[in-house]
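Please read the structure below before turning to the comments.
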Amino acid sequence: MTLTPLCIDMKRAGTFFILLSAIALLAACAASRKAVATKPTHDSINKLIEKTDTTSHCTLIIFYDSTIGKQPLLNYVHIKQCTVIYDYANFNAIAIQLAPKLDKRKTINDLQSVKGVLQVMEDQLLHLDGHHPN
């Protein structure tokens, strides 16, 4: 079998693409290693918890029925002078900051009776490593 110039070029092109793929793979692996975070210390976790505890103790996340919509919920939030902190785009929920004068437990009970509200939960910090600073 004789090799034509076209066959030689195809072999070189194949080798080139394999080499290029290997370089891209190595570069991606090297970049992902740099993105790995170091393990936080207990002091840094405690500082984060203290900061979160002071800012989120009056933050609620409220899920609503998409067929009813969020307008009845927003009306309640406006009447009670709460602040919408975040309107989630990927699922039907909003996060609100309670007005200082409101009782958290009573407000949660009231929100659960608002038309279209499916679930009300307090904002919380979850530890994936099982660390609890108590």
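Here are a few things to note about the model shown:
- Selection count, the range 114-134, where residues are exposed (fewer than 15 other Cβ atoms within 10 Å of the Cβ), modelled with pLDDT of 95 or more and either polar (S, T, N, Q) or not in a strand (DSSP E or B) (or both): 2
- Of the helices (runs of 4 or more DSSP H) entirely within the range 1-113, those holding at least 1 residues that are farther than 21 Å from GLN124 by Cβ, modelled with pLDDT of 95 or more and among the aliphatic types (A, V, I, L, M) occupy 71-79.
The values are calculated or read from the model by the stated rules, or taken from the named source; none is laboratory data. Keep in mind that what you see is a predicted model, and the values were worked out from it rather than measured. Using ideal geometry, Cβ is built from the backbone for each residue, glycine included, and neighbour counts are taken over all protein chains shown.
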